[in-house]
Amino acid sequence: MTILTIDDIRTKLHDRRLEVVAVATGLHYNTLRHIRDTKQTNVKYDTLEKLSAYFLRDCECVAVANGVSK
């Protein structure tokens, strides 16, 4: 599985509703807010895995909806 960088994740979180991401990933809202709103780079690998899976799955859904296959 591809793991996104913390900067990539931070960028992707800026246009998302954190409540929705929290429910989908099982991460706490405050964890997501802290990653998005601070320059924190010390994030657990497990957290990066969950957020990467969420955003990569989201990209796949958009590609399918647009008729693009892998």
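Laid out as a table, the results:
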{"item": "Long-range amide H partners of Leu4 with built H, under 5 Å", "result": "Ser52"}
{"item": "Prolate/oblate/rounded label for the stretch 5-60 (Cα gyration tensor, a/c 1.5)", "result": "rounded"}
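Each reported figure results from applying straightforward, stated rules to the coordinates on display, with no laboratory input. A quick note: this is a predicted structure, and the numbers were derived from the prediction, not measured.
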